[in-house]
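The values are calculated or read from the model by the stated rules, or taken from the named source; none is laboratory data. The shown structure was predicted, so the numbers you read here are calculated from the model rather than taken from an experiment. For neighbour counting, all protein chains shown are included, and Cβ atoms are generated from backbone atoms with ideal geometry for every residue, glycine included.
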């Protein structure tokens, strides 16, 4: 188990027609320009690629990673809190990006990674191990999770055991590692471009797009709609 999740309506249980009706109703409380922008962003969202962080606790880094996921269209971020709580700074670093990214919490590395494997993901661990492959050579024929640990200690033994492949960022200087948030940004930049070029299945499904739009509209304008509508 992870930390308690904020209550969220399970839109998956709603019939397609009901979701469409709610989107139409909630859109009345949002400007047409904002709805159009929302549609454009959703068209570029993906769950084919995701990011998992193990025991990252620095608020500045945490916030920067959330913003990076949002900027590159990565919808899901998995946070493993074995020892450290993930506390993104609500400063200008994140700029509210956490509203648009789904952050999933777990307090156990093994259960989190095994769950992702069960969903069909390969685990690509960011490491300097000798068997690591350069990030541009990573095979993305399967949905992929990029797994990153703390700057000080890296990934735990449990994480390494569950990794399907080790990856690294090639560098030409004396420095062998980068700030965690910079590392995450470079990984996501490379891999989001690769999957968009090579993987036809990278976008969300039509149903996922509909549900995400409804969730976002409800976050923005749900207070304008009767609170009991979800039961109707």
>> With the requirement that a residue be surrounded by 15 or more Cβ atoms within 10 Å (Cβ to Cβ) and in contact with a strand residue (DSSP E or B) (Cβ under 8 Å, 6 or more places away or on another chain), what does the stretch 134-153 give you?
In response: 135, 138, 140, 143, 144, 145, 146, 147, 148, 149, 150
> Just checking, which of 217, 180 is touching a helix residue (DSSP H, G or I) at 6+ places or on another chain (Cβ under 6 Å) and over 25 Å from residue 80 (Cβ atoms)?
Replying inline: 217
>> If I go through the stretch 192-223 residue by residue, how many of them are at pLDDT 95 or above, closer than 16 Å to residue 36 by Cβ and surrounded by fewer than 18 Cβ atoms within 10 Å (Cβ to Cβ)?
In response: 1
> Which of the following residues is over 24 Å from residue 73 (Cα atoms), in contact with a helix residue (DSSP H, G or I) (Cβ under 7 Å, 6 or more places away or on another chain) and buried (at least 19 other Cβ atoms within 10 Å of the Cβ): 162, 188?
Replying inline: 162
> Out of all the residues in the stretch 84-97, is one or more surrounded by 20 or more Cβ atoms within 10 Å (Cβ to Cβ), at pLDDT 95 or above and either on the phi > 0 side of the Ramachandran plot or in contact with a helix residue (DSSP H, G or I) (Cβ under 8 Å, 6 or more places away or on another chain) (or both)?
Replying inline: no
> Restricting to the stretch 116-133, what's the tally of residues that are surrounded by 15 or more Cβ atoms within 10 Å (Cβ to Cβ) and touching a residue at least 40 places away in the same chain (Cβ under 8 Å)?
Replying inline: 8
> Looking only at residues in the stretch 61-82 that are part of a helix (DSSP H, G or I) and within 23 Å of residue 114 (Cβ to Cβ), which one is nearest to the chain's Cα centre (by Cα)?
Replying inline: 69
>> Can you tell me which condition residue 7 does not meet? The list is (1) out of contact with any strand residue (DSSP E or B) (no Cβ under 9 Å at 6 or more places or on another chain); (2) within 26 Å of residue 160 (Cβ to Cβ); (3) at pLDDT below 90, and all the others hold.
In response: (2)
> Would you say residue 193 is more than 29 Å from residue 42 (Cα to Cα), in a helix (DSSP H, G or I) and either outside the structural domain of residue 39 (by TED's automatic domain parsing) or free of Cβ contacts under 8 Å to residues at least 12 places away in the same chain (or both)?
Replying inline: no
> Take the residues of the stretch 140-182 that are part of a helix (DSSP H, G or I) and touching a residue at least 24 places away in the same chain (Cβ under 8 Å): which is farthest from residue 71 (Cα to Cα)?
Replying inline: 158
